[in-house]
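S.K.: Once you've had a glance at the structure underneath, I'll fire off some questions.
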2 protein chains.
Amino acid sequence: MAPRAERTERTERADAQRNREAVLAAADALFAASSSPHSVSMDDIAAAAGVGKGTLFRRFGDRAGLIAAVITSRLEPLQRAVREVQEQTGYAPRQQVLDLLDTALTFKIENRNLMSAAEDAGISSPYRAGHYGWWHETLRAALDRVPGVHDPDFTAHALLAAIRADLVTHLIDERQMSPDGLRSALAAHVADVLGGSPPEPGRS
Amino acid sequence: MAPRAERTERTERADAQRNREAVLAAADALFAASSSPHSVSMDDIAAAAGVGKGTLFRRFGDRAGLIAAVITSRLEPLQRAVREVQEQTGYAPRQQVLDLLDTALTFKIENRNLMSAAEDAGISSPYRAGHYGWWHETLRAALDRVPGVHDPDFTAHALLAAIRADLVTHLIDERQMSPDGLRSALAAHVADVLGGSPPEPGRS
DNA sequence: TTGCTAAGCGGACCGACGGTCCGTAAGGTC
DNA sequence: GACCTTACGGACCGTCGGTCCGCTTAGCAA
């Protein structure tokens, strides 16, 4: 009976790591390329990554888990950047909210097919997905500090709803709206929600 | 000989009509009862309605068509009522928008499981579904008449996004928000969006 | 009532997909 | 190199949306 090695985390075997990365890259590429998430099957991803199907499910549990992992890997650098910027002192809350939503929108525009896949794979509520919770919590915290916002929790939900992946896809890919046009429309909308008053130098 | 109904359009055979109604009723009941739309299969609906599966697809084309038909049958009276009310003269545009969204939200709360089913059956964009177009167009028209709204089209999308079925479901069924609490949160949000500055001078 | 016709019915059947299982391969360690 | 643990991979399974086609029956006319 071997004494239990005190490994706080088990190290990942070399082939496992290689495969994990291959799968994430393949999935990302396939979702980015196809307009409808439904047309990307788990078999497709496995084949594109050059691994067996069992490997997918062993590592990621199920389809939703795989998509979540892809998103996490894309989102992590962004999250770090957001956290850093937010820790700056003298960052006006109002501007913080505007920047946060613009960042989120830009991310969703760039990864809209992937994000659409996430929305309909989160059987059947995107609101359970981990990354949504992070966006909501971060936005709510920022809204908390903006004077005149009565219900930061609901407001955060409402604002995030305005940039849901399928709406973004609809406006850009079907209604031919330009990314920048969408960004400024969103900025105007957010400004309305935060109250007609422009950034006041009184509080910070 | 019984006077024949005018046959300007092809009359529906008696058994066909009976079956159509049975299917719509069965589908409505099943979706209302189950929390996850995915757990209601076409076979379930056929069985509950006491018809064969072929009948479903013959009449409604596919799953999305069936769900759309159920929604249409639920929505029609509401649409008529909305149209009537909106034709009243002296109906302040601002109030019109508030009422419209409250009506839509109430409808979605009452039929939230059905509406959730619609959202994920509209492979994969709810924005193509006919009923969304109607809500958007109606709301946009009302927003057009509210002074101070810069982009009625996008604003209509953003406001409708705030009452998407899965968000409503999340807030009520998982976050334990009360329907009335949600309605007033929405009303406050809409008021913010319409601008702190109502037609009359003075900030809200 | 009877006979005719076409609209409608229904369930066996199909292909695709998400997910499982288990015999086999290979990395890590001594 | 021996041994053990971890991971691999693809055959396999159950379910589901959707199709097909032989059978039933409503509706009509004489």
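Laboratory data are not the source of any read-out in this text; all were calculated from the coordinates shown. The structure displayed is predicted, hence computed values, not measured ones. Here Cβ is always computed from backbone atoms with ideal geometry, including for glycine, and neighbour counts include all displayed protein chains.
S.K.: Once the label point is placed 7 Å from Cα along Cβ, list for B:ARG13 the distances to the corresponding points in the other copies, in nm, shortest first.
M.R.: 6.2
S.K.: Could you tell me which of rounded, prolate or oblate describes segment A:69-193, using a ≥ b ≥ c as the square roots of the eigenvalues of the alpha-carbon gyration tensor, with rounded for a/c under 1.5 and, failing that, prolate when a/b is larger than b/c and oblate otherwise?
M.R.: Prolate.
S.K.: How far is B:GLY52 from the same spot in each other copy, in nm, shortest first, if each label point sits 7 Å from Cα toward Cβ?
M.R.: Copy-to-copy label distances for B:GLY52: 4.3 nm.
S.K.: Charges only on Cβ, +1 for Lys and Arg, -1 for Asp and Glu: so what's the dipole of chain B about the Cα centre, in debye to the nearest 20?
M.R.: 540
S.K.: Then there is this: For segment B:29-121, what is the per residue volume of the convex hull drawn over the alpha-carbon atoms, in cubic angstrom? The partial results should precede the final answer.
M.R.: Working: hull volume 9.1 nm³, N = 93.
Dividing the Cα hull volume of segment B:29-121 by its residue count gives 98 Å³.
S.K.: Please compute the contact order of segment A:13-61 in relative form: average sequence separation of alpha-carbon pairs under 8 Å and at least six residues apart, divided by the residue count, as a percent.
M.R.: Averaging sequence separation for qualifying contacts and normalising by length gives 39 percent for segment A:13-61.
S.K.: Then there's this: Relative to the other copies, what are the label-point distances for B:PRO77, with labels 7 Å from Cα along the C-beta vector, expressed in nm at one decimal and sorted shortest first?
M.R.: Relative to the other copies, B:PRO77 has label-point distances of 5.6 nm.
S.K.: Subtracting the Cα-Cα distance from 0.36 nm times the residue separation, let me have the gained length for B:SER39 to B:ARG13 in nm, one decimal. Working shown, then result.
M.R.: Numbers: separation 26, 0.36 × 26 = 9.36 nm, distance 3.17 nm.
Gain on extension, B:SER39 to B:ARG13, equals 6.2 nm.
S.K.: Taking beta carbons within 10 Å but only from partner chains, what does the mean come to for residues A:148-159?
M.R.: Going residue by residue through A:148-159 and averaging, the value is 5.
S.K.: Output needed: percent of Cα pairs per 20 Å distance bin for the protein assembly as shown, bins running from 0 to the one holding the longest distance.
M.R.: 23, 52, 22, 3, 0
S.K.: Report relative contact order for chain A in percent, whole number only (criteria: Cα-Cα under 8 Å, sequence separation at least 6).
M.R.: Over chain A, the number comes to 22 percent.
S.K.: At what distance in angstrom do the alpha carbon centres of segment A:29-67 and segment A:113-165 lie from each other?
M.R.: 25
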